[in-house]
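The values are calculated or read from the model by the stated rules, or taken from the named source; none is laboratory data. Being a predicted model, the structure only gives us computed values, none of them experimental. We place every Cβ from the backbone using ideal geometry, glycine too, and count neighbours over all the protein chains shown. These accessible areas exclude ligands, DNA and RNA; they are computed on the full protein's heavy atoms, side chains included. Shrake-Rupley method; radii C 1.70, N 1.55, O 1.52, S 1.80 Å.
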Amino acid sequence: MYKYKDVKLTIIEGDITKLKVDAIVNAANNTLLGGGGVDGAIHRAGGPVILEQCKKIGGCPTGEARITTAGNMPSKYVIHTVGPVYKGGSKGEDKLLYNAYYNSLKLAKEYELKTIAFPSISTGVYGYPKDEAAKIAVGAVMDFIDNEKGLEEVIFVSFSKDNYLLYKEILDKATNQ
């Protein structure tokens, strides 16, 4: 566990759908209608209510975020955000990925949520290099904490030991521990 200002930053290896937090973040596609990876797991665990709410929302542009209830999961909400497909890094993917994290946090603040858990957005089938993506994720979260109040804990959820260690290394440097 890390501290940045007065916010806890935690890294865990595990299943984001099992966390009891105010919101989990879904690495969604633009349709919000479910897909593979984290997106598919969240839709399966949450049940049909999430899909019904996503249909009413009508999609989400890359870098933006939308919110639904969490259905059958222990969290209260799902914040759906769309990260970029990685195309070599020269097409503004870094800014879009940063915005996906930052806009998810803005939505959490709007709903007065205190605890939020993020997967590693865009690093699966979207192909974003994991090390670059983790640095952007941590940077966006710290920038948000620098500018806004209200958060108590941000959890980075890794699906693999390698990704867990990557986040640990980045947070060690970023928090000077």
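Residues that are under 23 Å from residue 125 (Cα atoms) and among the polar types (S, T, N, Q) were ranked within the stretch 20-63; the one that is surrounded by the fewest Cβ atoms within 10 Å (Cβ to Cβ) is 30. Going by what's in this entry, would residue 9 be described as closer than 22 Å to residue 150 by Cβ, in contact with an Asp or Glu (Cβ under 8 Å, 6 or more places away or on another chain) and either without any contact (Cβ under 8 Å) to a residue 12 or more places away in the chain or aliphatic (A, V, I, L, M) (or both)? Yes, satisfied.
Which one is farthest from residue 35 (Cα to Cα) among residues in the stretch 71-87 that are surrounded by fewer than 24 Cβ atoms within 10 Å (Cβ to Cβ) and out of contact with any Asp or Glu (no Cβ under 7 Å at 6 or more places or on another chain)? So, considering only residues that are surrounded by fewer than 24 Cβ atoms within 10 Å (Cβ to Cβ) and out of contact with any Asp or Glu (no Cβ under 7 Å at 6 or more places or on another chain), the one farthest from residue 35 (Cα to Cα) is 74. When residues in the stretch 10-41 are screened for being in a strand (DSSP E or B) and in contact with a helix residue (DSSP H, G or I) (Cβ under 6 Å, 6 or more places away or on another chain), 8 of them pass. Is it fair to say residue 90 is open to solvent by less than 30 Å² (accessible area, probe 1.4 Å), out of contact with any strand residue (DSSP E or B) (no Cβ under 6 Å at 6 or more places or on another chain) and not in a helix (DSSP H, G or I)? Answer is no for this residue.
Looking at the stretch 93-135 only, could you name the residues that are of a type in the set (A, V, I, L, M), open to solvent by 30 Å² or more (accessible area, probe 1.4 Å) and modelled with pLDDT of 95 or more? Let's see the steps before the verdict.
First, pick out the residues of the stretch 93-135 that are of a type in the set (A, V, I, L, M): 96-97, 100, 105, 107-108, 113, 116-117, 121, 125, 133-134.
Narrowing further to those that are open to solvent by 30 Å² or more (accessible area, probe 1.4 Å): 96, 125.
Listed by number, the list holds a single entry, 96.
Counting the residues of the stretch 139-168 that are without any contact (Cβ under 8 Å) to a residue 60 or more places away in the chain and not polar (S, T, N, Q) gives 10. Taking residues in the stretch 56-76 that are free of Cβ contacts under 8 Å to residues at least 40 places away in the same chain, and partners anywhere that are of a type in the set (Gly, Ala, Ser) and in a loop (DSSP other than H, G, I, E, B), the pairs with Cβ atoms closer than 9 Å and at least 6 places apart or on different chains are 62/83; 71/47; 72/47.
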